[in-house]
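Everything below concerns the one structure shown next.
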Amino acid sequence: ALAALAGLPVGLAGLALRPAWRVGLAERCGRRPGNPPGAIWVHGASVGEIRAATALMDRLRASGESVVASTMTLTGRDLLGRIRPQVPCALAPLDHPWTAEAALRSVRPSALALVETELWPSWIASADRRRVPVVVVSGRISDRSFPRYRRVRRWLRPILERIAAIGARSDTDAERFLVLGASPEKVRVTGDLKLEPPGEKARLAPELESALGEVPLIVAGSTHEGEESELLDVLDGVEQAGLRASLVLAPRHPERFGAAEALARGAGRAVRRRSQLERRSLAEGEVLLLDSMGELPGLYARAEVAFVGGSLVPVGGHNLLEPILEGRPVLFGPHTENAREAAELALRTGAGRRVSDGADLARAAIDALRDPTAWRARAEAGQQVLEQHRGTAERSAKLITDVRDRSRRVP
């Protein structure tokens, strides 16, 4: 209460000076009308986690459970609204007892499922007080986070004690949760939701499919500042090698769409936005800016060269497995701390190639374009390994419902 009162002037000033902060403010303060009581509440941080959690939501709904969802970002909320409109989704409450309690009163869930490492102390404590079991699914502790968590495990342990169960991605993640103070009887390995193969192949909208034409595509997904310029240089290198290609740029954050477009135009490239497609096909050497959500997997399926960003710059990498799932090998940079297991899988099976910098990325792209049949064949081993992870969503769903049902039996 004292912290909220002390921060009130700063918060009001921020709302006055930054109108964007007002978007979704009621949801962040805990207001969530129209939710079915007793639903299982699934929370994922942003686009990647929400997309991965759709398999879990589908499995829960198929078994007759009501599901609601939340995310920390507007892009995550909007994505789920498009791909799963039947699942009510809102922005997650601010992690303060007042807002967390308000959200839980509004939703009245039977269980709260947190995807990956969303360990919000006030939210978890409020759920525990209201006897709403909290379950972590696809739980991960990254290489970068683990040393920081170890330094604060004295304060982290009480949070973990309030969690009813943890479904870890791997043996390594399970061991890290135990080191941080989780009870052994609460931790099990259920798999990684991001490794769950999709039930069906991604499909592109007809207008996008027809706009792609026949030019070989270099598709760069989830890019960050500093990577788009390298990819434009890759396109230059491909052309200098006498090869044909067009470039698809999909910046990770929508607020960077304009900067990426300006960068490409400054490099002398014609740019077309996905949201403003014309009838003609994409021309050789053009750049398609993917300023939409949910269409990247389908574009990976059309790529001759697929690159996943956040890896040439020190961000930690994003979902390296999306191209492999769509039958395409993946190129990525040296920074993959947040996608450690995916990178290892890609390298171990030959379905991925790590590049050291932009020049190395250009060489790899040229190799792929010169022998596309052999390059595509490299994805097969990766796809076979990913098939072994099929069932992660089912195991995670069972963990949630088992914990929820046990909590109901406790007097």
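The values are calculated or read from the model by the stated rules, or taken from the named source; none is laboratory data. Fair warning: this is a prediction, and the values are worked out from it, not measured in the lab. Note that we place each Cβ from the backbone using ideal geometry, even for glycine, and neighbour counts take in every protein chain shown. Surface accessibility is based on the protein's heavy atoms, side chains included, excluding ligands, DNA and RNA. Shrake-Rupley method; radii C 1.70, N 1.55, O 1.52, S 1.80 Å.
Scan the stretch 71-86 and report the pairs whose first residue is without any contact (Cβ under 8 Å) to a residue 40 or more places away in the chain and whose second residue is among the charged types (D, E, K, R), with Cβ atoms within less than 6 Å and a gap of 6+ or a chain change.
Matching pairs, first to second residue: THR71/ARG77.
Name the residues in the stretch 386-401 that are closer than 25 Å to ARG302 by Cα and in a helix (DSSP H, G or I), would you?
The answer is LEU386, GLU387.
Report every pair of residues separated by at least 6 positions or lying on different chains whose Cβ atoms are under 6 Å apart, first residue within the stretch 393-410 and on the phi < 0 side of the Ramachandran plot, second open to solvent by 80 Å² or more (accessible area, probe 1.4 Å).
Every condition considered, the pairs that remain are ALA393/ARG59; GLU394/ARG59; ALA397/ARG59.
Residues LEU195, LEU204: which one is at pLDDT below 95, within 30 Å of SER396 (Cα to Cα) and in contact with a Gly (Cβ under 8 Å, 6 or more places away or on another chain)?
LEU204
Hey, does the stretch 132-148 have a residue that's within 28 Å of GLY38 (Cβ to Cβ) and surrounded by fewer than 23 Cβ atoms within 10 Å (Cβ to Cβ)?
yes
Does ILE159 satisfy the criteria of being open to solvent by 10 Å² or more (accessible area, probe 1.4 Å) and closer than 22 Å to ARG28 by Cα?
The answer is yes for ILE159.
Where residues in the stretch 224-271 are without any contact (Cβ under 8 Å) to a residue 40 or more places away in the chain and basic (Lys, Arg), which of them is farthest from PRO323 (Cα to Cα)?
Selected residue: ARG265.
For the stretch 170-198, enumerate the residues that are free of Cβ contacts under 8 Å to residues at least 60 places away in the same chain, surrounded by fewer than 21 Cβ atoms within 10 Å (Cβ to Cβ) and not in a helix (DSSP H, G or I).
LEU180, GLY181, SER183, VAL189
Identify, from the list LEU91, LEU119, the residue that is hydrophobic (A, V, I, L, M, F, W, C), touching a residue at least 40 places away in the same chain (Cβ under 8 Å) and either touching a Leu at 6+ places or on another chain (Cβ under 6 Å) or open to solvent by 10 Å² or more (accessible area, probe 1.4 Å) (or both).
LEU119
Name the residue that is nearest to GLU27 (Cα to Cα), counting only residues in the stretch 64-84 that are at pLDDT 95 or above and part of a loop (DSSP other than H, G, I, E, B).
Once the filter is applied, the top-ranked residue is SER66.
Of the numbered conditions (1) within 30 Å of PHE257 (Cα to Cα); (2) assigned to a helix (DSSP H, G or I), ARG61 satisfies every one except a single condition; which is it?
Of (1) within 30 Å of PHE257 (Cα to Cα); (2) assigned to a helix (DSSP H, G or I), only one is false for ARG61: (1).
Need at least 2 residues that are open to solvent by less than 50 Å² (accessible area, probe 1.4 Å) and either out of contact with any strand residue (DSSP E or B) (no Cβ under 8 Å at 6 or more places or on another chain) or without any contact (Cβ under 8 Å) to a residue 40 or more places away in the chain (or both) per element, so show me which strands (runs of 3 or more DSSP E) inside the stretch 299-385 make the cut, counting only ones lying wholly within it.
Fully inside the stretch 299-385 and qualifying: 330-332.
Taking the stretch 208-248, which residues are in a loop (DSSP other than H, G, I, E, B), open to solvent by 50 Å² or more (accessible area, probe 1.4 Å) and at pLDDT below 95?
Selection gives GLU214 alone.
Criterion first (more than 23 Å from GLY391 (Cβ to Cβ) and in contact with a Phe, Trp or Tyr (Cβ under 9 Å, 6 or more places away or on another chain)) does THR73 satisfy it?
no
Suppose we filter ALA202, ALA111 for residues that are touching a residue at least 40 places away in the same chain (Cβ under 8 Å) and open to solvent by less than 10 Å² (accessible area, probe 1.4 Å); which single one remains?
Exactly one of ALA202, ALA111 is touching a residue at least 40 places away in the same chain (Cβ under 8 Å) and open to solvent by less than 10 Å² (accessible area, probe 1.4 Å), namely ALA111.
Of all residues in the stretch 33-89, count the ones that are more than 20 Å from LEU195 (Cβ to Cβ), among the β-branched types (Val, Ile, Thr) and in contact with a Gly (Cβ under 8 Å, 6 or more places away or on another chain).
1
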